[in-house]
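Notes for the one structure printed next.
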Amino acid sequence: MATHKTRWGIHIGLIVVCFVLAIPALYALQLATLTLEGALATPPQLFPPGDDLLANFSDLFTRENFGALMLNTTIVALVVTIGKTILALLAGLAFVYFRFPGKAVLFFAVLFTLLLPTEIILLPLFRMMGELGWGENYPMLALTLPFLATAAGMFLFRQHFQNIPRELAEAAQIDGATPLRFLVDVLVPMSWNVIGAHALVQFIAAWNQYLWPRLVVTDAAQQMIQVGVRGTISAGLQTDFGLLMAAGIMASLPPLILFVALHKQFMNGFALTTDK
């Protein structure tokens, strides 16, 4: 009986904590249903919701060009996610199943890049993009190619492949399978959870890019969604908080939907000793 009461207490406590953490999101959703006057009302209108949610969403797509921004961001996020996943798989394969001089040194050199924040490489990348003319002429290349490699993904797949029995590689070699065939036919089917977890993290990171697109892309029609959200803040004028919150919610929906779809792979993918 005591155990049952304790379990109920834990559940109630978790529900309260979840509700407290959700208050900012719920308030943002509430503001997204209001006009500018309603959002600035004193005291703030917490309930009931307003009637302008659809109007705010409509303004995003007609006035703020959110349709094009979301399409641009989707393309960039998918290209970066797929590219990073493929390269991370190949790097993990090489570091586990290949022998070559300087393997350990190269591995630690790649890991060392994890200690470098992205902001350190922004200036050299910006100068390189300027010399190539990609920021003005080929913004999609500037937004994707510099971020196709990931040391974290390489490390994740290396650790995962090390937990796969070596006998499988030996059996595949005896059967005459090439390394790429072994990767595609054996390792990938055994790694869907890790692939899903890695893809989810990389997609969200690419989707939420703000500083780099703001620096390198000069054409507003080729911008990313987070820059578009920032653009809803009026310079020198009263910001329409209803429109701003609607923009934030719209920008959050695709990563949220993807996380809900891949949450099982995400949870299982980082349990490196099991891949069910």
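The values are calculated or read from the model by the stated rules, or taken from the named source; none is laboratory data. All figures in this text were calculated on a predicted structure; none of them were measured in a lab. Positions of Cβ are backbone-derived with ideal geometry, glycine not excepted, and every protein chain shown enters the neighbour counts.
Take Thr150 and tell me if it is β-branched (Val, Ile, Thr) and exposed (fewer than 15 other Cβ atoms within 10 Å of the Cβ). For Thr150, the condition - β-branched (Val, Ile, Thr) and exposed (fewer than 15 other Cβ atoms within 10 Å of the Cβ) - is not met.
Has the range 90-97 got any residue that is within 13 Å of Ala206 (Cα to Cα) and either assigned to a helix (DSSP H, G or I) or at pLDDT 90 or above (or both)? No, the range 90-97 contains no residue that is within 13 Å of Ala206 (Cα to Cα) and either assigned to a helix (DSSP H, G or I) or at pLDDT 90 or above (or both). Answer yes or no as to whether Gln30 is farther than 11 Å from Leu244 by Cα and at pLDDT 85 or above. Yes, satisfied.
List the helices (runs of 4 or more DSSP H) that sit entirely inside the range 160-276 and contain at least 3 residues that are aromatic (Phe, Trp, Tyr) and under 22 Å from the mean Cα position of the chain (by Cα).
Values: elements: 166-174, 179-182, 192-207, 211-216, 225-231, 241-269.
Output list reads 192-207.
The residues of the range 53-111 that are polar (S, T, N, Q) and over 26 Å from His198 (Cβ atoms), listed by number, are Asn56, Ser58, Thr62, Asn65. For Ala32, indicate whether it is small (Gly, Ala, Ser) and within 23 Å of Ala251 (Cβ to Cβ). Taking the combined requirement at face value, the residue satisfies it.
Among Gln222, Gln238, which is the only one that is surrounded by fewer than 22 Cβ atoms within 10 Å (Cβ to Cβ), polar (S, T, N, Q) and under 24 Å from Gln30 (Cα atoms)?
Numbers: Gln222 fails: under 24 Å from Gln30 (Cα atoms).
Exactly one of Gln222, Gln238 is surrounded by fewer than 22 Cβ atoms within 10 Å (Cβ to Cβ), polar (S, T, N, Q) and under 24 Å from Gln30 (Cα atoms), namely Gln238.
Could you check the range 28-80 and list, in sequence order, the residues that are closer than 19 Å to Met224 by Cβ, assigned to a helix (DSSP H, G or I) and of a type in the set (S, T, N, Q)? The answer is Asn72, Thr73, Thr74. Looking at the range 245-272, which of its residues are hydrophobic (A, V, I, L, M, F, W, C), in contact (Cβ under 8 Å) with a residue 24 or more places away in the chain and either closer than 25 Å to Leu71 by Cβ or touching a Ser or Thr at 6+ places or on another chain (Cβ under 9 Å) (or both)? Within the range 245-272, Met245, Ala246, Ala247, Ile249, Met250, Ala251, Leu258, Phe259, Leu262 meet the criteria.
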